[in-house]
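Shown next, in structure tokens, is the structure this report addresses.
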Amino acid sequence: MATSGTYIFNPDLAEIVDDAYERCRIDPALLTVRHILAARRSMRFMLSDWATDEFDDFRIQRLSFALVDGTATYSGASFFPSHVLDVVTAFLRRDGIDTPVDLISRRDYDDIPDKSVDGRVDRIFLDKQRDGLVCTTWPVPDSIASTLYFEAVLKFQDHDTAADTADVPYHLYDAFCAGLAARLAEKFAPPELEEKMYVKAAMALRKGRNATREMREVRFSPNTRRNRR
């Protein structure tokens, strides 16, 4: 038999919710408005949890903004859109040359003796406030035009209607459904099923994330030094 030759499987939220309840041994035909609202709420809490657990490559996007002469602190949607959760790396582009920018801690920034020095920015402190990120550079940008580029970790998009699709790639479809099923089992399924669902959800998420993990060469060297007493 011939295969379909297509790659269009992309379930909408209605299909995912139905499947999640079926995994909980609940017939989708018996779902009420309360079940649907509970599923949507559980999706949002689940993705909030995923966002703090590990940074997935598909949620990383390169953003940038121009530095202003004499201005060290940048905040607000024009610099960091509301859907930016964190920054993993950064670099400075100046005269067509890119140089790395270190992300430092609050303590490291506080330890800088003279915070008013100007020059080429080589480090930034990101203050993660409730309403968004606040970026403070050091040194203070000088008059030479410079642009700060950063790899931003984005929040998951909202899931509002049954026709929406999940804001995850193909390799995480099952993890998304299994995670939702586990949270719904906590609310609606018998206690003996709840633990099994959480085990399956954790396994599906681990497999999904491992599917695209970067592979790097690893070398092991024996320690030939002898301990001296």
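All of the numbers you see were taken from the coordinates with simple rules; none came from a lab. The structure presented is a predicted model; accordingly, all values stated were derived computationally and were not measured. As a convention, Cβ positions derive from the backbone with ideal geometry for all residues, glycine included, and neighbour counts pool all protein chains shown.
Numbers below:
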read-out	value
0 to 90° range, to nearest 10: angle between helix 173-188 axis and the chain longest Cα axis	60 degrees
Helix axis angle, 13-23 relative to the chain longest principal axis, alpha carbon, degrees	60 degrees
Segment 57-154 - percent relative contact order, Cα under 8 Å, separation 6 or more	47 percent
Spin-label pair ASP158/ASP111, simplified geometry with 7 Å Cα→Cβ offset, distance in nm	4.3 nm
Listed residues ALA152, LEU103, TYR21: farthest to the positive end of the dipole of the chain (Cβ charges)	LEU103
Listed peptides 206-212, 185-191, 107-113 by packing density, highest first (mean Cβ within 10 Å)	185-191, 206-212, 107-113
Gyration tensor verdict on segment 57-154 (Cα atoms; rounded if a/c is under 1.5, prolate if a/b is larger than b/c, oblate otherwise)	oblate
Contact order relative to length of the chain, as percent, for alpha carbon pairs under 8 angstrom and 6 or more apart	27 percent
Principal axis box of the chain, alpha-carbon based, largest edge first, Å	67, 59, 44
In nm, spacing of pseudo-spin labels at PHE45 and ARG62 (7 Å Cα→C-beta vector)	3.9 nm
Label-zone membership for segment 41-57, site ALA202, 7 angstrom Cα→C-beta point, backbone N under 11 Å	none
Packing rank of 76-82, 178-184, where each peptide gets the mean count of other beta carbons within 10 Å, highest leading	178-184, 76-82
GNM result for the chain, Cα springs below 10 Å: residue of VAL121, VAL199, VAL87 fluctuating most strongly	VAL199
Cβ-Cβ FRET estimate between SER143 and ASP98, R0 fixed at 22 Å, reported to 0.05	0.65
Virtual spin-label span in nm between ILE36 and THR6, 7 Å along Cα→Cβ	2.6 nm
Helix 33-53 axis, angle to the chain major axis (alpha carbon atoms, nearest 10°)	30 degrees
Residue list for segment 80-102, given a label point 7 angstrom along the Cα-to-Cβ vector of ARG120 and an amide N cut-off under 18 Å	90-102
